[in-house]
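J.: Pasting a structure below so you can have a look.
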Amino acid sequence: MKKAMLLGGLTLTATLLLAGCGKSDDVLVVGTNAAFPPFEYVGGQSGDEIKGFDIDLAKQIAKDAGKTLKVENMKFDSLIVALNSGKIDFIASGMTITAERQANVNFSEPYYEATQVVLVNKDNNSIHTLEDIKGKHFAVQLGTTADIMSKKYTQNITAFNTGFEAIMELKNSKVDLVLFDSEPATNYLAKNPELKMIKLDFPAEFYGFAVSKEQPELLASINKTLANMKANGQYQTLVSAHIK
């Protein structure tokens, strides 16, 4: 009897230990970089809640999957590594769908169209065309589309972990311009009236949720949620709430 009880206890202990390893089946873990308003940012009454358009979409994705959403905030350039190592289940971080990224992850259907814009100090009147930004000193967020795209125009690039740091570098006149996605740029511009935005002829780009290539069921679930939200008006409600 004692032997049987001991074995039972060991089995229970092993089960508990295994349950404590990795992610719970009841939790869907999304990775983001919460420095990209209005898509993801830190706010709320407590001052440490991660909010935003992407996060609200992710909450509905988790709800439809019958799971609780857990948000992991990390550096943007570490998100794909975290995804493919199994630390997170998907990425919701204003991530542009590119061929280079598609080599490593699968993307959902596009859920938002964006473009790059240039931010400069208001007294800068030297930029009117794409030709004018060639050779300029750029500030960008590390690992973003802007980081990749900027190399087409200059080798003089300073990359930061957050867009906020790039903006501060511009305000301190240490760089000529910040290359940034249009909506976050608009958000930062509202809080920094000494800057101005310049729209140039950059190509359109599309955001998608990134999923491991080993998780086709999750990808299908995300796409189903996005389609349903667009059909029932919930998606447009979130757009109106977050994107002015």
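J.: Taking 0.36 nm per intervening residue step and subtracting the Cα-Cα distance, what contour gain separates S240 from K122 on full extension?
T.: Details: separation 118, 0.36 × 118 = 42.48 nm, distance 2.87 nm.
That pair, S240 and K122, stretches by 39.6 nm at full extension.
J.: In whole Å, what is the distance between the alpha-carbon centres of the stretch 175-244 and the stretch 110-161?
T.: Answer, in whole Å: 17.
J.: What distance in nm separates the two pseudo spin-label positions at N228 and K171, each 7 Å out from Cα along the beta-carbon direction?
T.: Label at N228, label at K171, 4.2 nm between them.
J.: Ok, one more. Could you work out the relative contact order of the chain? I mean the mean sequence separation of Cα pairs under 8 Å and 6+ apart, divided by the number of residues, in percent.
T.: For the chain, the relative contact order is 25 percent.
J.: Given the options A204, A139, A166, state which has the largest fluctuation in a GNM of the chain using a 10 Å cut-off (strictly under) for Cα springs.
T.: A204
J.: Beyond 25 Å between alpha-carbons counts as too far, so tell me which of K196/K244; K196/K230; K70/K199; K75/K122 fall in that bin.
T.: K196/K230; K70/K199; K75/K122
J.: Here is a follow-up. Hey, can you rank 207-213, 233-239, 75-81 by average C-beta count inside 10 Å, highest first? Mind dumping the intermediate values first?
T.: On the way: 207-213: 22.7, 233-239: 14.1, 75-81: 18.0.
Packing proxy ranking, top to bottom: 207-213, 75-81, 233-239.
J.: Here's a follow-up. Which longest run of the chain has no exposed loop site in it, a site being GluC sites (Glu not before Pro) in a DSSP loop with at most 13 other beta carbons within 10 Å, and the site itself not part of the run? Intermediate results must be reported in sequence, preceding the final value.
T.: Values: sites that count: E194, E214.
Formally, the longest exposed-site-free interval is 1-193.
J.: Measuring from label point to label point, each 7 Å out along Cα→Cβ, what is the T154 to K87 span in nm?
T.: 3.1 nm
All of the numbers you see were taken from the coordinates with simple rules; none came from a lab. The shown structure was predicted, so the numbers you read here are calculated from the model rather than taken from an experiment. Don't worry about glycine lacking a Cβ; one is built from the backbone with ideal geometry, like all the others, and counts go over all protein chains shown.
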